[in-house]
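The values are calculated or read from the model by the stated rules, or taken from the named source; none is laboratory data. Computed from a prediction, not measured in an experiment: that's the story for all the values here. Cβ sites come from the backbone with ideal geometry, for glycine too, and all protein chains shown count toward neighbours. SASA here: full protein model, heavy atoms, side chains in, ligands and nucleic acids out. Shrake-Rupley method; radii C 1.70, N 1.55, O 1.52, S 1.80 Å.
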Amino acid sequence: MALIVQKYGGTSVGTPDRIKNVARRVAKFKAQGHDLVVVLSAMSGETNRLIALAKEIQANPDPRELDVIVSTGEQVTIGLLAMALKEQGIEAKSYTGGQVKILTDSLHTKARIQSIDDTAMRADLNAGRVVIVAGFQGVDAEGNITTLGRGGSDTSGVALAAALKADECQIYTDVDGVYTTDPRVVPEAKKLKTITFEEMLEMASLGSKVLQIRSVEFAGKYNVKLRVLSSFQEEGEGTLITFEEDPNMEKPVVSGIAFNRDEARINVIGVPDKPGIAYQILGPVADANIDVDMIIQNVGQDGTTDFSFTVPKGEFARTIKVLEGVQAHVGGKSVNGDDKICKVSIVGVGMRSHVGVASTMFRTLAEEGINIQMISTSEIKISVIVDEKYLELAVRVLHKAFGLDQAK
């Protein structure tokens, strides 16, 4: 018998029939003697519909009122699941984020959780009820409804598991685990039985869409045992995200390949090679609330240097505009860029103890005539920027080069 937090995504609760399926799955766990807290997203497409509705009234919706509107999506699914469980003779009770008292800061549309009151949930669990909680939402100190940003239900699930000291947090989604790469790009991709938090954090930050990065950070911080499973398969162990590498298992050098199409490169040409130039360029970009990813500053020649960095593709034009205003001030010759690029990354804790990983990656890409524009490394990952047209080819050849298509 264990205390399990289960989180179901939008596709898992997309129709009344799917909600009934979730109820049957929850009932099965309940029959095995487990205590259950279930966290739900809104029905798939519902949050987008509500945002579009708000924009019909106000082009730039007021953040506080937008949170009031979009939080209703989860309110519908938690009520429906409670009804579906009661139809099966199982006592259940639904809670909004505010009713649980998931206390957040007041940053509307992207709030962060500060604390969770587990009193009411524990009372219900002790009484034998299934507790159902709306994901993606909370309440601030003034009682305003807040939301946690896109994918926030994952974070809700992990945070509740941390607060309740649950034995496991199970994230049910439309895939049956974490794969070596996206199976839609590489059909030979293999499902991983386990992956470390470090690797999952890198995969999530580098473009893998299986888990929201904040939820992985939260789980790592509070030692929450995470498992990714499919809500459309009755059986299967999914992928367990672990804190430590198994000392009895030979860890593959590379565990997975992540990629991100949402990248654009900015080049600031011929700026003075002097202290503070990086801040003079990136300071105004940060002030404009634009995220910067990879950064390269070339070795200076003749007192000048070139400075390149990447930003989200949707921020490309705005970043160029910001820097055109900065260019004269810093003394740069020109500002240009490219929004037809992508980032491809190899990830694996085994890279720590193996040499030659980078050379294998670079040789493999060179043999396919794929030019590397930028490189970024950490202890367990290597990322490169290449032309967008080479993304699928790069992922496929690297997947094969590191033996990820072999059965685990």
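Taken about its Cα centre, the stretch 141-242 carries a charge dipole of roughly 160 debye when the Cβ of each Lys and Arg holds +1 and the Cβ of each Asp and Glu holds -1. Here the Karplus relation 6.51 cos²θ - 1.76 cosθ + 1.60, evaluated at θ = phi - 60°, turns the backbone of the stretch 330-336 into coupling constants of 8, x, x, 7, 7, 10, 9 Hz, with x for every Gly and Pro. In the chain, Cα pairs under 8 Å separated by at least six residues give a relative contact order of 14 percent.
Our coupling estimate for the stretch 264-280, obtained by passing each phi through the Karplus curve with A = 6.51, B = -1.76, C = 1.60 and θ = phi - 60°, is 9, 9, 10, 10, 10, 9, x, 8, x, 8, 8, x, x, 5, 4, 5, 4 Hz, Gly and Pro reported as x. In a simple Cβ point-charge model (Lys, Arg +1; Asp, Glu -1; nothing else charged), the chain has a dipole of about 640 debye relative to its Cα centre. Where in the stretch 23-37 does the label zone of TYR222 land, with the point 7 angstrom along Cα→C-beta and an amide N cut-off under 17 Å? Within reach of a label on TYR222: 36-37. The relative contact order of the stretch 341-408, computed from alpha carbon pairs under 8 Å that lie at least 6 residues apart in sequence, is 43 percent. Residues whose amide H falls under 5 Å from that of GLY337, counting only those 5 or more places apart or on a different chain, are ASN267, with hydrogens built in the peptide plane.
Listed options for Cα extents along the principal axes in Å are (i) 63, 50, 47; (ii) 78, 53, 32; (iii) 64, 55, 35. The value calculated from this structure is the one marked (ii). Highest mean packing first, where packing is the average number of other Cβ atoms within 10 Å per residue, the peptides 331-341, 289-299, 6-16 line up as 6-16, 331-341, 289-299.
When the helices of the chain are scored as -39500 (n - 2.57) per DSSP H run of n ≥ 4 and the total is divided over every residue, the value at 222 nm lands at -10500 deg cm²/dmol.
In order along the stretch 354-367, phi translates into HN-Hα couplings of 10, 9, x, 5, 4, 5, 5, 4, 5, 5, 4, 5, 4, 4 Hz, rounded to whole numbers, per the Karplus curve 6.51 cos²θ - 1.76 cosθ + 1.60 with θ = phi - 60° and x for Gly and Pro. For ILE382, the amide hydrogen comes within under 5 Å of the amide hydrogens of ILE346, counting only partners 5 or more places away or on other chains and with H modelled in the peptide plane.
Under 5 Å between amide hydrogens, built in the peptide plane, is the criterion, and for TYR95 it picks out ILE132, VAL133, ALA134 among residues at least 5 positions away or on other chains. Between ALA2 and ARG352, the simple spin-label model (points 7 angstrom out along Cα→Cβ) gives 2.5 nm.
Ranking LEU404, HIS34, ALA120 by how far each Cα lies toward the positive end of the dipole of the chain (charges on Cβ) leaves HIS34 at the top. Placing unit charges on each Cβ (+1 for Lys and Arg, -1 for Asp and Glu) gives the chain a dipole about its Cα centre, and among GLY14, SER359, ALA166 the Cα reaching farthest toward its positive end belongs to GLY14. Heavy atoms of the protein chains alone define the surface here; on that basis the chain has 47 Å² accessible area per residue at 1.4 Å probe size. The accessible-area ordering, largest first, of the residues TYR390, TYR95, TYR279 stands as TYR279, TYR390, TYR95, per a 1.4 angstrom probe. When +1 charges are put on Lys and Arg Cβ atoms and -1 charges on Asp and Glu Cβ atoms, the dipole computed for the stretch 228-324 relative to its Cα centre reaches about 660 debye.
Contact order, relative form, for the stretch 97-178: 30 percent (alpha carbon pairs under 8 Å, 6 or more residues apart, mean separation divided by residue count).
Simple spin-label estimate for GLU168 and VAL185 gives 3.0 nm between the two label positions (7 Å along the Cα-to-Cβ direction from each Cα).
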